[in-house]
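Trainee: Please read through the structure below; I'll follow up with questions.
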Amino acid sequence: MKIKYQLNNLKEISLRVTQNLNHKIILINGEMGAGKTTLIKQILERLNVVDNISSPTFSIINEYRTKGQDIIYHMDLYRINQIEELEGIGFFEYLESGNLCFIEWGEIVENIIGEDYNKFNLSVNNNLRILEKIK
């Protein structure tokens, strides 16, 4: 799947992404300012999250509840320099919870989380965003 879109098409794009998820762990990679958090916020709204959705840049992990009382985690690993930092905050327990986990800047964990994840790359070309499902 490869989609070119403008930000005003996020609702449609979030539907296409949710239809292409087949794992509980979802990595969303891309350059700074590409719109990773904005895309994930729209996906979380589509998944009926009832909590206030905010960027986990400083908290690293945000937990949200859906209308059906499911839990979804949104993580931002931008500030993580070493895997040991993740062990100290229980990161791997979140992944093993069986709940959906959206991870921004997941390159640091990609080689150690096994094979059961989806990976999307997000890039910018002029006014277009390009979202590509890699795995």
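Laboratory data are not the source of any read-out in this text; all were calculated from the coordinates shown. Note that this is a predicted model, so its numbers are computed, not measured. With ideal geometry, Cβ positions are generated from the backbone for all residues, glycine too; neighbour counts draw on all protein chains shown.
Trainee: Are there GluC sites (Glu not before Pro) in region 51-132 that DSSP puts in a loop and that have at most 16 other Cβ atoms within 10 Å, and which ones?
Mentor: Passing sites in region 51-132 are Glu96, Glu110, Glu115.
Trainee: Taking Lys11 as the anchor, which lysines have their alpha carbon closer than 20 Å to its alpha carbon, excluding any fewer than eight residues away along the same chain?
Mentor: Within the straight-line cut-off, Lys11 pairs with Lys2, Lys36, Lys41, Lys67, Lys119, Lys133.
Trainee: Under a Cβ-only charge scheme (Lys and Arg +1, Asp and Glu -1), can you give me the dipole magnitude of region 32-134 about the Cα centre, in debye to the nearest 20?
Mentor: That gives region 32-134 a dipole magnitude of about 640 debye.
Trainee: Using r as the Cβ-Cβ distance of Asp116 and Thr66, and R0 as 30 Å, what FRET efficiency do you calculate, to the nearest 0.05?
Mentor: 0.90
Trainee: Going 7 Å from the Cα of Ile83 along its beta-carbon direction, which residues of region 95-116 have the amide nitrogen within less than 12 Å of the resulting point?
Mentor: What the label zone holds, given the 12 Å backbone N cut-off, is 108-114.
Trainee: Mind grabbing the base-10 log of I(q)/I(0) for region 2-133 at q = 0.19, 0.23 Å⁻¹? Debye formula, identical points on the C-alpha positions, no solvent, two decimal places.
Mentor: -1.12, -1.62
Trainee: Let me ask another. Can you list residues from other chains, or at least 5 along the same chain, whose modelled amide H is less than 5 Å from the amide H of Ile103?
Mentor: For Ile103, whose amide H was placed from the backbone, the distant partners under 5 Å are Ile26, Leu27, Ile28, Met75.
Trainee: Have a look at Ile61, Gln82, Leu122 and report the one farthest towards the positive end of the charge dipole of region 2-133, computed about the Cα centre with Cβ charges (Lys/Arg +1, Asp/Glu -1).
Mentor: Positive-end residue among those listed: Leu122.
Trainee: While we're looking at this one, here's another question. Considering only the chain, what is the antiparallel percent among its DSSP beta bridges, to the nearest 5?
Mentor: Of those bridges, close to 55 percent are antiparallel.
Trainee: Using the basic label-point model (7 angstrom from Cα toward the beta carbon), what is the Lys4 to Glu45 distance in nanometres?
Mentor: Between Lys4 and Glu45, the simple spin-label model gives 2.5 nm.
Trainee: When only DSSP loop residues count, what trypsin sites (Lys or Arg not before Pro) in region 41-101 have their Cβ near at most 12 other Cβ atoms within 10 Å?
Mentor: Lys67, Arg79
Trainee: Using a Gaussian network model of the chain with C-alpha springs under 10 Å, which one of Gly106, Gly88, Gly35 is most mobile by mean-square fluctuation?
Mentor: Sorting by GNM fluctuation, first place goes to Gly88.
Trainee: Need the C-alpha centroid separation for region 87-135 versus region 33-86, integer Å.
Mentor: Each part's Cα centre sits 11 Å from the other's.
Trainee: Here's something else I'd like to know. Go ahead and run the numbers for FRET between Glu96 and Thr38, Cβ-Cβ distance against an R0 of 30 Å, rounding to 0.05.
Mentor: 0.60
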